[in-house]
Amino acid sequence: MTVAATNPMPTPPAKATHSLLVPNAAMGRRNAAEKRFRAYGLAAIAVSLSVLGIMLWSIFSDGLSSFFQAKLTFPVTLSSEVLDPAGNGLREEMTKVTTIGYGKLLTAAFTAELAAKGISTEGVTDKQLAEMISKDAPGVLRAKVLGDTSMLDQTITMSVLAAGRIDGYLKGRVTMETAERDGNISPEQLQLADRLKTARILGSSFNTRFLTSPDASDQRPEAAGLGVAILGSAYMMLLVLIICVPIGVATSIYLEEFAPKNRWTDLIEVNISNLAAVPSIVFGILGLAIFINFAGFPQSSSVVGALVLSLMTLPTIIIATRSSIRAVPPSIRDAALGVGASKMQTVFHHVLPLAMPGILTGTILGLASALGETAPLLLIGMVAFVDNYPSAPVEGFMDPATALPVQVYSWASRSDPAFIERSSGAIIVLLVFLVVMNVTAIILRRKFERRW
Amino acid sequence: MTVLVLVVATLVIAGVGFFLGRSRALSGVSGNVRDLHSLPGYYGWHVALMAALPAFGVLLVWLIVQPIVIERNIGSLLPAETVADATAFKLAVADIRRVAGGLDAAVLAGALTEASAAELTSGGTDVRAVLAGVGVALGSDVTNDTLLSAQMYRSMTATGALARMIAVLAVALAGLGYALSVTRAEFRARNRVEIVMMGVLITASSIAILTTVGIIWSMLSESLNFFRQYPATEFFFGLTWSPNFRGGSDLGFIPLLWGTLYISLIAMIVAVPLGLFTAIYLAEYAGPKVRAWVKPLIEVIAGIPTVVFGLFALVTVGPFLRDYFAQPFGFGNSGASVMTAGLVIGILNIPFISSLADDIINSVPQSLRDGSYGLGATKSETVKQVILPAALPGIVGAVLLAASRAIGETMIVTMGAGASAKLSLNPFDAMTTMTVKIVGQLTGDTDFNSPETLVAFALGITLFVITLGLNVFALYIVRKYREEYE
Amino acid sequence: MEGPIQMKDIHIEERVVSDHKAKITARGVQVYYGTNHALKDVDVDILAGTVTAFIGPSGCGKSTFLRCLNRMNDTVSSARVVGEILLDGEDIYDKRVDPVQLRAKVGMVFQKPNPFPKSIYDNVAYGPKIHGLTRNKAELDEVVESCLRKAALWNEVKDRLQAPGTGLSGGQQQRLCIARAIATSPEVLLMDEPCSALDPIATAQVEELIDELRSQFSVVIVTHSMQQAARVSQKTAFFHLGNLVEYGETGQIFTNPKDPRTESYITGRIG
Ligand SMILES: Nc1ncnc2c1ncn2[C@@H]1O[C@H](COP(=O)(O)OP(=O)(O)O)[C@@H](O)[C@H]1O
Ligand SMILES: [Mg+2]
């Protein structure tokens, strides 16, 4: 310390001793900077959360209406002259009558009802009148009649979908002004719709078909539903579960409990962490090239979708499983090994059951992210228009299907704005599933959280 | 016997084997479990595994080999020039498969009997109509060669299936017999079973490697195919992208790269400050209550599927930017634009950056904060001058990871950026990205031999290399940083 | 442990205890961490130009009290401070007092050396920069040099001022932290076990430094080692279970403690 002692020490600049109680100018500036900085932080949070809010609000305000649908209710006499020209009531003969015949029957019944109720159809041509009924309705009626031929010649009250534009009018999407410019609908039709509404022929009711029907073509947005998409997503989630859990758990057990520290293990580790960050579309390319082109699995099938999603989800599940295995204290392993259990028995009898809640939580969260994944499914053909339900498992896994998020995308890319409503509605359904899964995971975590 | 039935049969044999093995072990020691080397269950498992595993192995090999063998033999009935031309041959084989599948379906639906399907000639019946009747649409009429080959294909497949069944079941039973014959009291069943389980564990953990290999192999082989048809320099340095499925396309990669980078840049300009300030506020300012509420809410953003953001870009952000910015200021009138996609991706990335940065800021030791406060620094001075510099490597890593996500993002750009490849500086122009074009070139009707389709694989591997590079670098930085404070 | 034998190690110099006036006056200080009553009714006068040592078994509240003196406890959300602490007659817990400004006057050195991950130069320059104490680079250079000299570190680091501070040895790091603390020219310097992470040689260097610093600052040092307290301090306060048991001249505390608890502690029976 001699150095310090012998050197003449220049002192720091003399500082006038300010009273602590008197605010000084420099401090004012610094405190203002402090306040600004804090405000930036708050603003960042506010921006993020309000964008989230706006997004959810815009989706719900666009989409909630898809759960309600305009319907026309009127009596229809199922005249056997039209529906059973052969006159023998045989179902085989009746199938020869196409939907066109049923369409005419519906139109006639609708016109008759208007006349009976004394509702003026002023300014609406017959063709326009017919177009107010959804193009989907004749098919529904035909299926109904063919399903129960005893209904012939009876008068039944049919509740059929109104055309998409009428539905849009009830929901405020179509207005008199837009109808002026729209070739598919005229203001007069909308005025008629108002009269039908007062006459209680036209009404809006809960739309279960949105959840159960398959997709519908561009001209029939009112009939489009999520049935195939929900089924397809369910199939895929089931398969992903079946594929991922055993492989993920086996990998995690190996890496955590048995793996020697060597090049191979390192390679596996590096691969897992990198796969977790590979863009999802790359997995789609993989699926297309390997599962479809090379292995020959059918395009658009749930099984290919599930394989692709599994490869994407595996890293997530492995990471979660490993951390819950790691959280089991070594003392438990030592105890089991100490009573003469083999390493394998220790792991399967003691470690794994204790790690189970964590594995379950991780799996659910992994599934939730797989459920929302879209891009890779586009490449393996799941955007295709599918209006048949896939059959029951196991063969159903090979049938063409679509998935909820893909349905969102394919509806969003159609031109009719009615499909934007459907698309938002599909998102609501998707979000409900995601919320349920995440809440389950949170509850599980709370319930089984253990402090060692 | 279909594969599924065969699998079930094998499993049944294995199941029976389990009980046989167990009871044999027990009867060997007349029920005295203590005399056995392992628990009785292990003897059962040993028999079951010995029955099932080799049989499944045979089945797997068979499934891979049989189509190759059949394909090779089918060539004999086709014209020599078709066989010589790889592309034509591929198409012919695909045709044959379709017809054969159609005949199967026809037999199944009862439109044909097994015998009539085998004897069908293209002269006698309108095969196309018959197949159309059972829902198999063919592009053209069926030639005699194809029909004959299809019939041969069917008979070979049928023979193959029979042989397969016999082989698989024989192996299963042989395994069962062998395992039962070695089941004795002193047999170390548990060790055997554990070795097999170990093998299963190791195989499962190799899937990650297989996936990577699969990704690289699938993209590389098709990319090489592409570069054989389209010069690599023109791809990597070409300034125009105008694919034309009739040939003569310009497939320059630069406009796509530009679109990708431009959008990612905007995304990062949005996400980095918002994410960082969010993290700073949550880590340094927010009380425990605020934190407990706000942090999960921010993370909700990360849990929302990207297609939802895509729709948001398409119906809300795009029109908003167009009506209130692009049109009034004369920047164009496209809803889909670099700005739209960039903003939305930026929002998507906020929680990603904020939660990574939050972790990193929290791992800066408290002693550094104390040191700074002890010198009379304000909170913001401490954050700016001590915490952020200390956390910088980690934050850079997080930003790189976020950038890699922005580059690889697909749905938002597909729905919000547009599809025209342009080299423009105007952020309100619609532009396109690598991922959009991968989707575009690979969906719809695609011919896997034209450069217009194959280019998607070249784009894919380029994307993979870019993002992988960013990720590896970022993970390296983050790990390095973690070590520093542990 | 044989207490009396240990006492031989403690060499207490005859010191003239000057009649310095009180720099800090604490009255009735209580600290609660949530419901934990960590500090009970402490009254102390810290004199100017004096080294005051706080001793006591660990967990007795020495650090807690030290951290009250520059309001570092404000950064602990669960901590609540009651009572009155005056610096030069002004209540530092007054609403008008900015803790930031207070800490510039009452500097602090911590138990574990905590240099910022910056260069040696920037570590020392940090305080003057944030408080705007210097007008230009030359002045700042001068302050950095003088503080490093005072901390007896200058000769070791003058050729690598731009090297990271974290690259120094433990003893050097702690002296760097002291240099950093005195660069804001505080009036009081609080040191919380500054030598506990250091080897004996580094400890000796720091102790020597403390003695020199006394000429300019009042120094308060928390220490675990009674030898250290005896070597460097003129006044000693003994804490036990949150109470200030005894406070007085260092010589008196070590040779003639009034309270039996103090005696037990310095003879090694508690602690
Ligand atoms: N940040 C804190 N939060 C809660 N309790 C604390 C905290 N710091 C110290 N304590 C408690 O206050 C008491 C005194 O601690 P401290 O002042 O650190 O003791 P010393 O420095 O004398 O060893 C201890 O019981 C300790 O548990
Ligand atoms: Mg302490």
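Excluding ligands, DNA and RNA and using a 1.4 Å probe, chains A and B jointly bury around 6400 Å² of accessible surface, summed across both partners.
In region B:312-341, comparing the full protein assembly with the chain on its own, the residues that lose 10 Å² or more of accessible surface at a 1.4 Å probe are B:Phe312, B:Leu314, B:Val315, B:Thr316. Counting only heavy atoms of the protein chains and using a 1.4 Å probe, B:Thr159 has close to 90 Å² of accessible surface. Seen from a random direction on average, the alpha-carbon convex hull of chain B projects onto 36.0 square nanometres.
Among the residues of C:83-93, the average count of other protein chain beta-carbon atoms within 10 Å of the residue beta-carbon is 1.
Considering helices alone, the calculated mean residue ellipticity of chain C at 222 nm is -10000 deg cm²/dmol, with DSSP H runs of length four and up weighted by -39500 (n - 2.57) and normalised per residue.
For region A:188-333, the average shadow cast by the Cα convex hull is 15.0 nm², which is a quarter of the hull's surface. Computed in the context of the full set of protein chains, the accessible area of chain A at 1.4 Å probe radius has 61% of its extent on carbon or sulfur. Semi-axis lengths, largest first, of the ellipsoid equivalent to the protein assembly as shown are 73, 42, 30 Å, with √(5λ) applied to each eigenvalue of the Cα gyration tensor. Taking the helices alone, chain B has a mean residue ellipticity at 222 nm of -24000 deg cm²/dmol, built from -39,500 (n - 2.57) per DSSP H run of at least 4 residues and averaged over all its residues. Evaluate E = 1/(1 + (r/R0)^6) for A:Ile242 and A:Ser79, where r is the Cβ-Cβ distance and R0 equals 45 Å; express this FRET efficiency to the nearest 0.05. Computed FRET efficiency for A:Ile242 and A:Ser79: 0.30. So how much slack lies between A:Thr440 and A:Ala199, counting 0.36 nm per residue of separation and subtracting their Cα-Cα distance, in nm? Stretched fully, the A:Thr440-A:Ala199 segment lengthens by 82.1 nm. 3J(HN,Hα) along region B:292-306, derived from phi through the Karplus expression 6.51 cos²θ - 1.76 cosθ + 1.60 where θ = phi - 60°, amounts to 4, 8, 6, 4, x, 4, 4, 6, 4, 4, 6, x, 7, x, 5 Hz, with x in place of Gly and Pro. Take the accessible area of chain B alone and of chain C alone, subtract that of the pair, and you get about 1600 Å² summed over both chains, using a 1.4 Å probe. Using θ = phi - 60° in the Karplus curve 6.51 cos²θ - 1.76 cosθ + 1.60, the 3J(HN,Hα) couplings for region A:228-233 round to 5, 5, 5, 4, x, 4 Hz; x is entered for Gly and Pro.
Rounded to the nearest 0.05, what FRET efficiency do B:Met198 and B:His37 have when you use their Cβ-Cβ distance and R0 = 22 Å? Using R0 = 22 Å, I get an efficiency of 0.75. Residues of region C:83-106 with an amide N closer than 16 Å to a point placed 7 Å from the Cα of C:Arg27 along the Cα-to-Cβ direction: C:83-94.
Measuring nothing but protein heavy atoms, the accessible surface of chain B at 1.4 Å probe radius is 67 percent carbon and sulfur. Computed from the Cβ-Cβ distance with R0 of 35 Å, the FRET efficiency linking B:Ala109 to B:Phe19 stands at 0.25. Note on C:Glu249 and B:Ala88: their simple-model spin labels are 11.7 nm apart, each label 7 Å out from Cα toward Cβ. Extending 7 Å from Cα along the Cβ direction at B:Ala302 and again at C:Asp91 yields two label points whose distance is 4.6 nm. Projecting label points 7 angstrom from Cα along Cα→Cβ for A:Glu122 and A:Asn31 puts them 7.5 nm apart.
The values are calculated or read from the model by the stated rules, or taken from the named source; none is laboratory data. These figures come from a predicted structure and were not determined experimentally. When we count neighbours, we look across all protein chains shown, and the Cβ atoms used for this are built from the backbone with ideal geometry, even at glycine. Ligands, DNA and RNA are stripped out before the accessible areas are found, and what is left, the full protein with its side chains, is counted by its heavy atoms. Shrake-Rupley method; radii C 1.70, N 1.55, O 1.52, S 1.80 Å.
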